[in-house]
Amino acid sequence: MTHQRLTLVAGLALVFFCLGSSWRLLQNDFTQDDVPLAREDVRIQNLGNVVEIVSTPFWPKAGPIGHHRPAMTLTLALEWAAGEGRIAPFRIISLTLAAAATLAVFALALELLPFWWALAVAAAFAVHPVHVEAVAIAINQGELVIALAYALLLRWYLRYRRERNTTWRDRGLMAGTMALALFYKETGIVLPALLVAAELCFPHGRSLRARWTDLRPTILLQGLVVAVVLAIRTAVLGGEIRGTFTAEALEGLSMSERALTMLAVVPEWLRLLFFPVSLQADYAPREILPATTFGLPQALGLAILVLAGLLLYRTARANPTITFGGLWLAIGLAPVHNVLVPAGIVLAERTLYLPSIGAMLLMGGVLAGATTMRAGTARRVATPLVGAVVALLIVLGASRTFSRFGVWRDQRTLWTQTVIDAPESYRALLALGSLLTHPSYQEMAERFMSRGLEEWKNPAAMFALSQLLQGKGDCVRAIPVAQQALVLKELAPGRSEHLACLMWEARYDEAHIEALQGMRSGYWTPVFL
């Protein structure tokens, strides 16, 4: 069989692996953030709303902390139009992007590794269980687009840099790709760092000065792209650059305390990328705790970083693929490191899609190097043995991915499993409690919501619990819950429900005070009048 035909067969096998482990997605309903943004967002239900889509936050009701991802919202609008609101186009596009990203990783790996190890890297990527969250939710398609685009771009970059310098046409193509990626999601900002990593690891006989001279205009042009995108983003978000709230576990922490908190996350990143047996849809507070002192979790995280740095340094010349994979992994994680600028999440599996390319390349480099170092009989025995172990791990990964997609079947299935996976996640407890709306489940709903509030005082959840109690006719217990929530956050609908309970209990003086306070907030004034 010729090399081209073998590559074609391998590509078809990879698509089969990817779709075979993921096809259960076609049975799934909208879950998690897809509910407000893919099913209920009125902007995407009419392609005539293009101006509104590009000029409003990704989360339209969140205001300056709603991000700005117009390319992603436009993609959702096209998918809505293709299916007239049906879910099938959203799912088909997600699966298509996942398969295409797998082929892109295969093409990139072929530039760096022997054929069979490149195939192993791409197969592991195709069935990686940590990818399920990114593929299962339509609004996460930006993660898939960026991974696909950057894998192809780096493969093209590495190939032409063997033979020639970069032209302005090349620079324009890379800048345009980066602009599109940034309009999908903020993680698109990592492209310049990936190009620097490629130049450091694969000099192709050029001096460092020559490489920097060639790369500098490319970086400057991409810096201009970032500045333009940030200016547009800031204008849309009313002066807010970050476009996100601060994750609960990071609120009130100094930079050094955020560093301590994230050091404890490093082992979790390592586990999810290389041993993803246990997965969960939420890593809210109590699952990952704020840290203000150096302890065992921080020592473990620091040890991993130091050992990883030594590995990358020692292999930079002998096996640059390992170093490049490790740098890709670190660069991919940089947007969610939370030390310099806190983000809205401490850890989320969807954010590991792009970094996982580096993780798989790193493992491919380690395995290829380990089997190449052996000679004679030892090599003839070790290579098939290692290959068999890798094949088994790929099969196990496919099985785990297949079962994990079933967790995202619908909202109730997802949050029920998340309460099992992450029993101290307040968000999971509150979400499951709010879904148990049938009268026969109200006692159970109250228990879940009360447990969630014990884990984390969340004003929106307090209002939900107060409303649940009010619906049961228990205003005596609903009133103090609503009062606690209003101390934390002003919410006109919650205050109006609270006012109704006060009226029901004939506490008219208090109701009068609440109505006046509601009028001062400036919302729902006619109701409070």
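Points worth noting:
- In the range 430-453, residue least open to solvent (accessible area, probe 1.4 Å) [restricted to those that are among the polar types (S, T, N, Q) and within 17 Å of Ala284 (Cβ to Cβ)]: Ser450
- Scanning the range 200-232 for residues being among the charged types (D, E, K, R), free of Cβ contacts under 8 Å to residues at least 12 places away in the same chain and either open to solvent by less than 50 Å² (accessible area, probe 1.4 Å) or assigned to a helix (DSSP H, G or I) (or both) gives a total of 2.
- Any helices (runs of 4 or more DSSP H) falling wholly within the range 324-424 and containing at least 2 residues that are surrounded by fewer than 18 Cβ atoms within 10 Å (Cβ to Cβ), aliphatic (A, V, I, L, M) and at pLDDT 90 or above: 376-407
- Complete set of residues in the range 52-70 that are surrounded by 21 or more Cβ atoms within 10 Å (Cβ to Cβ) and among the hydrophobic types (A, V, I, L, M, F, W, C): Ile53, Phe58
- The range 91-144, subset outside any helix (DSSP H, G or I) and among the aliphatic types (A, V, I, L, M), residue farthest from Ala71 (Cα to Cα): Leu113
- Subset of the range 15-44 that is of a type in the set (S, T, N, Q) and not in a helix (DSSP H, G or I) - its residue that is farthest from Ala134 (Cα to Cα): Asn28
- Residues satisfying the stated conditions in the range 271-280, i.e. open to solvent by less than 10 Å² (accessible area, probe 1.4 Å) and in a helix (DSSP H, G or I): Leu272, Leu273
- Scanning the range 482-527 for residues that are part of a helix (DSSP H, G or I), of a type in the set (D, E, K, R) and open to solvent by 50 Å² or more (accessible area, probe 1.4 Å) gives Glu497, Asp509, Glu510, Arg520.
- Condition met for Thr244 (farther than 30 Å from Val366 by Cα, open to solvent by less than 30 Å² (accessible area, probe 1.4 Å), touching a residue at least 12 places away in the same chain (Cβ under 8 Å) and assigned to a helix (DSSP H, G or I)): no
Every residue, every condition in (1) crowded, with 19+ Cβ neighbours inside 10 Å; (2) in contact (Cβ under 8 Å) with a residue 60 or more places away in the chain; (3) of a type in the set (Gly, Ala, Ser); (4) assigned to a loop (DSSP other than H, G, I, E, B), yes or no:
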| residue | (1), (2), (3), (4) |
| --- | --- |
| Glu240 | no, yes, no, yes |
| Gly252 | no, no, yes, yes |
| Ser256 | no, no, yes, no |
| Trp269 | yes, yes, no, no |
| Thr292 | no, no, no, yes |
| Pro297 | yes, no, no, no |
| Ile304 | no, no, no, no |
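- When residues in the range 310-336 are screened for being small (Gly, Ala, Ser), in contact (Cβ under 8 Å) with a residue 60 or more places away in the chain and closer than 22 Å to Pro114 by Cα, 1 of them pass.
- Here Leu12 fulfils each of the conditions (1) open to solvent by 70 Å² or more (accessible area, probe 1.4 Å); (2) under 27 Å from Val132 (Cβ atoms); (3) within 22 Å of the chain's Cα centre (by Cα) apart from (3).
- Test: residue in the range 187-199 that is part of a helix (DSSP H, G or I) and open to solvent by 50 Å² or more (accessible area, probe 1.4 Å): yes
- Selection status of Arg427, out of contact with any Leu (no Cβ under 9 Å at 6 or more places or on another chain), part of a helix (DSSP H, G or I), open to solvent by 40 Å² or more (accessible area, probe 1.4 Å) and under 30 Å from Val407 (Cβ atoms): yes
- In the range 23-46, the residues that are more than 25 Å from Leu429 (Cβ to Cβ) form Cβ pairs under 7 Å with partners that are among the basic types (Lys, Arg) and open to solvent by less than 60 Å² (accessible area, probe 1.4 Å), at six or more places apart or across chains, as follows: Leu25/Arg91; Leu26/Arg91.
- Boolean, Gly48 is modelled with pLDDT under 95, buried (at least 19 other Cβ atoms within 10 Å of the Cβ) and of a type outside the set (Ser, Thr, Tyr): no
- Subset tally (residues that are touching a residue at least 60 places away in the same chain (Cβ under 8 Å) and among the aromatic types (Phe, Trp, Tyr)) for the range 416-444: 1
- Residue that is farthest from the chain's Cα centre (by Cα) [pool: residues in the range 258-267 that are crowded, with 16+ Cβ neighbours inside 10 Å and in a helix (DSSP H, G or I)]: Leu260
- Any hit, the range 466-476, residues being closer than 30 Å to Leu273 by Cβ, modelled with pLDDT of 80 or more and open to solvent by 60 Å² or more (accessible area, probe 1.4 Å): no
- Number of positions in the range 200-243 that are of a type in the set (D, E, K, R), more than 16 Å from Ala181 (Cα to Cα) and under 27 Å from the mean Cα position of the chain (by Cα): 2
- Every pair of residues 6+ apart whose Cβ atoms lie under 6 Å, when the first sits in the range 58-80 and is free of Cβ contacts under 8 Å to residues at least 40 places away in the same chain while the second is surrounded by fewer than 19 Cβ atoms within 10 Å (Cβ to Cβ): Ala77/Leu47
- Tyr283 within 30 Å of Ala99 (Cβ to Cβ) and either among the basic types (Lys, Arg) or not in a helix (DSSP H, G or I) (or both): yes
The values are calculated or read from the model by the stated rules, or taken from the named source; none is laboratory data. Keep in mind the model is a prediction, meaning the values are calculated, not measured. Cβ: placed from backbone, ideal geometry, glycine included. Neighbour counts: every protein chain shown. SASA here: full protein model, heavy atoms, side chains in, ligands and nucleic acids out. Shrake-Rupley method; radii C 1.70, N 1.55, O 1.52, S 1.80 Å.
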